[in-house]
1. Checking GLU60 against (1) out of contact with any Cys (no Cβ under 8 Å at 6 or more places or on another chain); (2) over 28 Å from LYS212 (Cβ atoms): exactly one of these is not met. Which one?
2. Can you pull out every residue in region 222-234 that is surrounded by fewer than 16 Cβ atoms within 10 Å (Cβ to Cβ) and either among the charged types (D, E, K, R) or not in a helix (DSSP H, G or I) (or both)?
3. Regarding CYS42, is this residue without any contact (Cβ under 8 Å) to a residue 60 or more places away in the chain, surrounded by fewer than 16 Cβ atoms within 10 Å (Cβ to Cβ), of a type outside the set (Phe, Trp, Tyr) and touching a Lys or Arg at 6+ places or on another chain (Cβ under 9 Å)?
4. Hey, among LEU73, LEU95, LEU80, LEU49, which residue is modelled with pLDDT of 95 or more, of a type outside the set (D, E, K, R) and over 21 Å from ASN149 (Cα atoms)?
5. Which of (1) surrounded by 19 or more Cβ atoms within 10 Å (Cβ to Cβ); (2) free of Cβ contacts under 8 Å to residues at least 24 places away in the same chain; (3) assigned to a loop (DSSP other than H, G, I, E, B) is the odd one out, the single condition GLU219 does not satisfy?
6. Mind listing whichever residues of region 176-216 are assigned to a helix (DSSP H, G or I) and buried (at least 18 other Cβ atoms within 10 Å of the Cβ)?
7. Test of understanding: among LEU9, LEU58, which residue is free of Cβ contacts under 8 Å to residues at least 60 places away in the same chain, touching a Ser or Thr at 6+ places or on another chain (Cβ under 9 Å) and surrounded by 11 or more Cβ atoms within 10 Å (Cβ to Cβ)?
Amino acid sequence: MHAPPIDNLIAQSTSIFKQFLLAHNALEIGGDTIAGFSDNACIEATVGLNVEIEPIPLYEVKHYRAQMPQFLLEIFHGKLVQTWQECLATLFCVLLDKHFSDERRFEELKRCQIYIDFRESSDLITQVKNSLIKNFDFDAYKDKVKLINSVFNPAGNRSEHLFNIDKHVQIRNSFQHKNGKIDEFFLEDLGVRRIALLNNSAQERKYGLNDKIELSIPELDYFRRSIALIGQTWRKWNG
């Protein structure tokens, strides 16, 4: 099936990973260049309109450099998760449009409560759609992906890659709310006691409760490949 949101998901996931590799290499080259300067050298930075901060000694920059690869991984990891989440929302809208145009019944949605405001000038169908979309926006992630996958992948193929994506959505949430540490909710939501992540040598490392997550280039690539493979599975849908 030709579905622009799915095609865009596959293309965007590949593009984001390529952007990361470019940024990573630029960081490595820049770091090597900085290493050649004296620790006592300073750099200046403008932080606002006609506002400059005090010069920063290069020894501080060199010290912070060790944290930059992980920071960069987290940034692009978040971009991948965002692209995935946006695709789920867009596909939900596609299915709604198909339902209300009598092209395909969205039976998987089952029974829903909607909100209609008779003071609104928009027609009832538009209000119903908007209410359903708002409901979907506030649904738990696992309910969203379960619904969309039940439509585009009813056979449940490539479940290991869908689990890997779910794992990375939880990882992004952990970065945002738990400083990258695994809590009980993280593990309970995935239904596991430990998770496996690839290290920089592409070897599995296990993480459990209260462990701090460390991303790697191989793990980011595995996440990207899982998104692409699920996207390719969804494209086979002919509903």
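1. Among (1) out of contact with any Cys (no Cβ under 8 Å at 6 or more places or on another chain); (2) over 28 Å from LYS212 (Cβ atoms), GLU60 violates only (2).
2. ARG225
3. Details: without any contact (Cβ under 8 Å) to a residue 60 or more places away in the chain: yes; surrounded by fewer than 16 Cβ atoms within 10 Å (Cβ to Cβ): yes; of a type outside the set (Phe, Trp, Tyr): yes; touching a Lys or Arg at 6+ places or on another chain (Cβ under 9 Å): no.
Spelling it out, it is not the case that CYS42 is without any contact (Cβ under 8 Å) to a residue 60 or more places away in the chain, surrounded by fewer than 16 Cβ atoms within 10 Å (Cβ to Cβ), of a type outside the set (Phe, Trp, Tyr) and touching a Lys or Arg at 6+ places or on another chain (Cβ under 9 Å).
4. LEU73
5. Unmet for GLU219, out of (1) surrounded by 19 or more Cβ atoms within 10 Å (Cβ to Cβ); (2) free of Cβ contacts under 8 Å to residues at least 24 places away in the same chain; (3) assigned to a loop (DSSP other than H, G, I, E, B): (3).
6. Restricting attention to region 176-216, the residues satisfying the condition of being assigned to a helix (DSSP H, G or I) are 176-177, 184-190.
Within region 176-216, PHE186 is the sole residue that qualifies.
7. Only one candidate passes the filter, namely LEU58.
Each row is one residue, and each column tells you yes or no for (1) assigned to a helix (DSSP H, G or I); (2) surrounded by 12 or more Cβ atoms within 10 Å (Cβ to Cβ); (3) in contact (Cβ under 8 Å) with a residue 24 or more places away in the chain.
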{"residue": "LEU91", "(1), (2), (3)": "yes, yes, yes"}
{"residue": "HIS99", "(1), (2), (3)": "yes, yes, no"}
{"residue": "GLU108", "(1), (2), (3)": "yes, yes, yes"}
{"residue": "ARG119", "(1), (2), (3)": "no, no, no"}
{"residue": "SER131", "(1), (2), (3)": "yes, yes, no"}
{"residue": "ILE148", "(1), (2), (3)": "yes, yes, yes"}
{"residue": "ASN157", "(1), (2), (3)": "no, yes, yes"}
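The values are calculated or read from the model by the stated rules, or taken from the named source; none is laboratory data. Quick caveat: nothing in here was measured; it's all calculated off a predicted structure. Note that each Cβ is placed from the backbone with ideal geometry, even for glycine, and that neighbours are counted across all protein chains shown.
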